[in-house]
Amino acid sequence: MFKWSKVLFAGLLSTATLVPAVQSFAAEAKPTVIRLASPLVGSGSRPVGYGNFYSTTQTLGLLEKEFQKDGIKVQWNNFKGAGPAINESYANGLVDITWLGDLPALIGKASRLDTKLILAGGTHDNTYLVVAPGSSAKSWADLKGKRIGFFRGTSVHLALNQIIKKHGLTEKDFRFVNVDGPVGYSALASGDLDALFTNQSIFPVTDRGVAKLIYSSKKEPAQYQSSGYILVNSKFEQKYPEVVQRVVNVLVKQAAWDSNPANKTELFKIWSKSGLSYNTFVRANDGVDLKRHSAPILDAFNVAVIKKKLKAGQDLKLIRGNIDVDSWIEPKYVNNALKTLNLQNYWKPLNANGQ
Amino acid sequence: MKQYFKQGATVLTLLSASIGLTHADADVGQLQQQVSQLEQSLKQLKTQLAQIQNQNEAVTEATTADEAELSADAETESDDDQSFVTRAELQGLQSDLENYKYQVQRDRDTKTALSTRQLLINGVVQAKASYIDEAQRTPPTGTNTGMAVQDRHSSFDLGAVQIGFIGNLYKDYEEGKNLDFNLRFGTSPQTGTNNSYLNLLDAQLTYHVLPTLSADTGRLSVTLGQQLLPFGQEVQATEDLKPTINNALFSLPGLGYGLALREVGLIVRGDALPTVDYGYNYRSPMISYAFGLVNGNGANKSDDNDDKNFIGRLRYTLPAEYNSWLRELSFGLSWYQGKSNLFEIDGTSAAFAGKGDVLRKGFDIYYNHHPFGVTYEYVQGEDDTYISQTAQTYKRESESHTGTLFWNFGEQFVKGFRNQGRYDDWWPKSYQAFYRYDTIDRDKNLADQTVDIHSLGLNAFFAETTKFQINLNHVNNDITNKSYNELVAQFQYGF
């Protein structure tokens with residue numbers, strides 16, 4: 001009878017080993033599915049992002065249209081756990097192409113996630129510090145020793161640590177609490193938090209009178225602002241470069257549309273399908289150069305910002321390990337897309353100093 | 001709005017001035033000049049008002065300290081043509097709000113379960129069918145036919161059926177030193193009876209001694225009441241997390257040590273030196289521990305002697321970041337020691353015969369790296385048993401090994417992935433294949449005291465709290481000198 005059990009055990013092991021092996025040796029020219037992920041989730045858990053051309057592409061279903069004729073399924077995953085959840089999924093091989101905020105993208109790469117950075121996915125995004133309406137706090141210094149909520153591990157985390165450092169403060173000067181957006185809003189309203197540091201999704205809350213804005217990063221240098229990047233799983237990229245190129249072509253075309261000031265009203269209406277009000281995007285993008293914000297190009301300026309953020313993250317001990325940024329970046333897809341779409345001169349490349 | 005007030009105030013001031021002027025003792029020319037100025041002012045104000053109305057210009061009050069920095073936001077608002085609402089829209093909103101308040105209050109009064117404190121009601125139900133290729137036969141004992149089973153091969157059963165209430169008695173917003181409770185009842189089929197009593201399983205109170213708000217710090221909690229023992233892995237796993245339908249032999253009463261039965265006592269649990277990888281929202285303490293004193297007499301019973309049994313567990317997890325092959329590799333040691341009453345049984349009467357030692361020592365390894373995982377538990381037991389007044393107490397030595405290898409297909413086992421924003425009631429369909437080898441030697445000093453079970457199984461997760469399990473067990477029981485195969489299919493749902 002023991003032999004019988006051995007047969008069973010061997011059978012299980014063989015099955016378990018063979019299934020992934022068969023999968024890995026199946027050299028298909030096209031994938032059956034493209035698994036995309038976004039850290040942005042709309043109100044009421046709706047899978048609608050906002051604020052960048054990657055989200056616009058999702059909302060308009062442009063990749064579905066692109067790959068419909070090939071029978072390739074496009075699977076969108078909008079993670080409530082934001083950037084950390086995307087890193088977790090990369091680590092387990094569950095996503096192919098994603099938008100990821102600066103800090104989680106850098107942490108992931110520094111911890112040896114096998115990704116390539118193929119597009120800038122939106123720069124000059126701003127962060128905001130809000131307090132309860134009755135608070136007398138008017139600056140960072142007024143909040144010393146107070147409870148400030150923010151979502152650890154997201155791009156907001158890196159922005160926060162850099163900004164307080166600029167104001168001559170450190171993490172030890174505050175009592176930081178790890179909260180995501182909705183939890184943070186209710187905690188601020190109930191008095192469990194003294195302040196909340198978050199992104200543009202705060203505007204509907206300030207409009208309701210639950211929070212009062214006391215700081216915005218709009219006047220800060222780009223490295224203190226938030227940015228996002230489009231990453232691709234290296235294995236997927238090596239296996240399906242043509243598919244990656246087609247995805248990038250669609251994204252770059254949409255980035256150009258997002259960049260056009262004539263489309264601003266329509267763009268904000270698309271983003272407001274996330275449940276955030278139209279006015280949120282009007283306010284968040286006031287004073288923001290949308291064309292530069294949506295520029296997908298990996299010019300010297302964008303690369304320099306990535307390097308500065310890496311250095312800042314390492315100095316603040318948020319990022320362990322190092323990254324060879326130049327080898328992480330793979331600009332060929334965006335460059336090909338610019339040629340294909342005849343957009344070579346649409347976004348002006350800037351030098352490392354932003355000139 | 002402020003500008004409206006200013007403009008209104010200006011008009012009123014000017015009007016007041018004009019009224020005053022009519023009573024003033026001034027010459028007509030001067031009055032005409034002043035009236036002309038007033039008319040001019042009024043005209044300007046009307047023009048400004050018309051401009052304001054035409055442009056729907058919003059006005060905000062800068063309430064921030066850094067007004068210069070934030071003035072851009074205020075200016076943007078003035079560009080927004082959606083800043084005003086009409087009276088009808090406002091009334092509509094008020095009406096909606098009143099209706100909503102009424103509905104909430106009415107539902108609360110008539111359709112809402114209430115509790116004095118925060119409460120989460122949860123439960124598990126298992127319905128299963130089985131087939132055994134060896135006929136099960138238990139002859140009647142005397143006139144007692146309740147236990148009799150006549151050549152049974154197949155059966156429908158309910159496995160665990162549990163309902164639980166967990167909640168919070170005191171919430172510490174400052175540091176998270178909360179006081180929590182857990183109350184759980186469960187039932188299982190009683191052999192030979194159609195009564196299926198709802199027994200008390202968990203009844204405990206937990207106080208978190210150390211702050212719980214930050215992931216970077218260690219945890220420490222004290223639990224008082226009836227609870228699961230922190231011994232090994234399987235004993236502490238809840239029904240929804242166990243891969244197999246049948247529990248490991250060592251954890252059960254009868255052939256095993258009954259460690260899965262609850263005991264009443266006080267147990268301290270905690271961890272230290274956590275590895276926190278915020279880039280993956282991952283926390284893994286290097287050391288986790290538990291120790292405490294329990295009755296040693298099982299659940300729902302007072303202690304049967306004055307000796308309290310000690311339970312202790314220490315687990316070491318390799319300090320690895322999330323994206324590491326060494327993630328979730330841990331080694332544990334468990335220890336349970338105490339005394340139990342011994343009896344001298346003479347025919348139909350029994351008498352106390354002192355106390356005997358009870359000792360359980362456990363070692364376990366856990367490695368869970370999606371998509372596969374391996375677990376192994378070794379338990380060694382020593383039980384003093386009474387023989388006779390003249391003979392020494394016999395120390396029965398036993399041991400068990402339980403190893404499980406599982407392979408996952410699907411995404412539900414990745415925490416971040418399954419927590420998504422979706423329109424529908426989405427859940428990633430997942431499958432888990434496993435093999436388990438479970439053996440126990442009831443008495444190492446005697447022959448033919450071993451029971452082996454090889455299990456091959458598949459779990460299909462097709463909704464958030466629902467799974468279908470199918471297990472093929474091959475049982476080799478040296479005690480009864482029987483070998484047989486068992487096919488068990490189980491549908492489990494939770495809520």
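The values are calculated or read from the model by the stated rules, or taken from the named source; none is laboratory data. Keep in mind that what you see is a predicted model, and the values were worked out from it rather than measured. Virtual Cβ from ideal backbone geometry, glycine too; neighbours counted across all protein chains shown. Just the protein is used for accessible areas: all its heavy atoms, side chains included, with ligands, DNA and RNA removed. Shrake-Rupley method; radii C 1.70, N 1.55, O 1.52, S 1.80 Å.
Less than 5 angstrom separates the built amide H of B:Phe409 from those of B:Tyr431, B:Gln432, B:Ala433, all sequence-distant by 5 or more or on a different chain.
Given just the C-alpha atoms of the stretch A:196-355, how large is their convex hull per residue in cubic angstrom?
Measuring per residue, one finds 149 Å³ for the Cα hull of the stretch A:196-355.
Roughly how many whole Å is it from the C-alpha centroid of the stretch B:98-168 to that of the stretch A:146-196? One Cα centre to the other: 44 Å. Taking amide H atoms as placed 1.01 Å from N in the peptide plane, the amide H of B:Val149 lies under 5 Å from those of B:Thr138, each 5 or more residues away in sequence or on another chain.
Roughly how many percent of the accessible protein surface of the stretch A:89-135 is carbon and sulfur, given a 1.4 Å probe and a whole-percent answer?
Carbon-and-sulfur percentage of accessible area, whole number: 50.
The charge dipole of the protein assembly as shown, taken about the Cα centre with unit charges on the Cβ atoms of Lys, Arg (+1) and Asp, Glu (-1), comes to about 1360 debye, rounded to the nearest 20. For B:Lys339, the residues whose amide H sits under 5 Å from its own are B:Val358, ignoring neighbours fewer than 5 places away on the same chain, with H placed 1.01 Å from N. Rg/Rh, computed from the Cα trace of the protein assembly as shown with Rh as the Kirkwood radius, has the value 1.08. Remark: mean inter-chain Cβ contacts per residue of B:411-418 equal 6, using a 10 Å Cβ-Cβ cutoff to other protein chain atoms.
Taken over chain A, the percentage of Cα pairs per 20 Å bin, counting from 0 up to the bin with the maximum distance, is 29, 55, 14, 2.
Were the residues from B:Arg137 through B:Leu266 laid out at 0.36 nm apart, the gain over their Cα-Cα distance would be 42.2 nm.
Its Cα gyration tensor gives chain B an equivalent ellipsoid, and the semi-axes of that ellipsoid, as √(5λ) in whole Å with the largest first, are 74, 26, 24. Projecting the Cα atoms of B:Gln37, A:Gly49, A:Val243 onto the dipole axis of the protein assembly as shown, where Lys and Arg carry +1 and Asp and Glu carry -1 at the beta carbon, places A:Val243 farthest toward the positive end. Annotation: B:Ile479 carries an accessible surface of approximately 70 Å², with a 1.4 Å probe and no ligand, DNA or RNA atoms counted. Dipole orientation for the protein assembly as shown: of the candidates B:Asn459, B:Asn297, A:Ala82, A:Ala82 has the Cα lying most toward the positive pole (charges on Cβ; Lys, Arg +1; Asp, Glu -1). In the protein assembly as shown, the calculated helix contribution to ellipticity at 222 nm averages -9000 deg cm²/dmol per residue, counting -39,500 (n - 2.57) for every DSSP H run with n ≥ 4. Relative contact order of chain A: 23 percent, from C-alpha pairs under 8 Å at least 6 residues apart in sequence. Among complete DSSP H helices in chain A, those whose alpha-carbon atoms stretch at least 20 Å along the helix's long axis and whose mean Kyte-Doolittle hydropathy reaches -0.5 are A:2-25, A:241-259, A:300-315.
Mean partner shielding of peptide B:140-150, defined as the number of other chain Cβ atoms within 10 Å of each residue Cβ, is 0. Beta bridges from DSSP with both residues in the stretch A:110-227: antiparallel share about 60 percent, rounded to the nearest 5. For chain B, complete DSSP H runs whose alpha carbons reach 20 Å or more along their own long axis and whose mean Kyte-Doolittle score is -0.5 or higher are B:2-23. For B:Tyr173 and B:Leu120, what is the calculated FRET efficiency with R₀ set at 25 Å and r taken between the beta-carbons, to the nearest 0.05? For B:Tyr173 and B:Leu120, the calculated efficiency is 0.85. By a 1.4 Å probe calculation restricted to protein chains, B:Arg108 has an accessible surface near 120 Å², given to the nearest 10.
Bridges between two residues of chain A, per DSSP, are antiparallel at a rate of about 55%. Simple rule: put +1 on each Lys or Arg Cβ and -1 on each Asp or Glu Cβ in the protein assembly as shown, find the dipole, and look at B:Leu266, B:Leu333, B:Ile166; the Cα lying farthest toward the positive end is B:Leu333.
Spin-label model, B:Phe343 to B:Ser302: label points 7 Å out along the Cα-to-beta-carbon direction sit 1.7 nm apart.
Cross-link partners of A:Lys235 among aspartates and glutamates, defined as those whose alpha carbon lies under 15 angstrom from its own and excluding same-chain residues fewer than eight positions apart: A:Glu28, A:Asp96, A:Asp114, A:Glu330.
Using a cut-off of 21 Å between Cα atoms, the listed pairs A:Lys116/A:Lys291; A:Lys80/A:Lys166; B:Lys361/B:Lys482; B:Lys128/B:Lys415; A:Lys146/B:Lys171; A:Lys239/A:Lys307 include A:Lys116/A:Lys291; A:Lys80/A:Lys166; B:Lys361/B:Lys482; B:Lys128/B:Lys415; A:Lys239/A:Lys307 as exceeding that distance. Per-residue 3J(HN,Hα) values for the stretch B:470-480, derived from phi via the Karplus relation 6.51 cos²θ - 1.76 cosθ + 1.60 with θ = phi - 60°, read 9, 10, 10, 10, 10, 10, 10, 10, 6, 5, 9 Hz in sequence order (x marks Gly and Pro). Going by accessible surface with a 1.4 Å probe and the largest first, B:Arg184, B:Arg106 read B:Arg106, B:Arg184. The modelled label-to-label distance between B:Leu458 and A:Tyr278, using points 7 Å beyond Cα along the C-beta direction, is 5.4 nm. Buried between A and B is an accessible area of approximately 4900 Å², summed over both sides with a 1.4 Å probe. For a straight C-alpha distance cut-off of 20 angstrom, the aspartates and glutamates reachable from B:Lys308 (same-chain residues fewer than eight places away being disregarded) are B:Asp202, B:Glu263, B:Asp357, B:Glu382, B:Asp383, B:Asp384. Protection proxy ranking, highest mean first, for peptides B:206-215, A:245-254: A:245-254, B:206-215, where packing is the per-residue count of other beta-carbon atoms within 10 Å, averaged. Averaged over residues, the count of other Cβ atoms within 10 Å places the peptides A:116-126, B:87-97, B:271-281 in the sequence A:116-126, B:271-281, B:87-97, highest first.
Place a +1 charge on the Cβ of each Lys and Arg in chain B and a -1 charge on the Cβ of each Asp and Glu, then give the dipole magnitude about the Cα centre in debye, rounded to the nearest 20.
Computed charge dipole of chain B: roughly 1180 debye.
Between B:Thr187 and B:Phe291, full extension at 0.36 nm per residue minus the direct alpha carbon distance yields a gain of 34.6 nm. Remark: the stretch A:169-244 carries a charge dipole of roughly 100 debye about the Cα centre, counting +1 on each Lys and Arg Cβ and -1 on each Asp and Glu Cβ.
Averaged over the residues of B:269-277, the number of partner chain Cβ atoms lying within 10 Å of the residue Cβ comes to 1. The stretch B:205-264 and the stretch A:255-316 have Cα centres spaced 49 Å apart. For the stretch B:340-384, the relative contact order comes to 33 percent (Cα pairs under 8 Å, sequence separation of at least 6).
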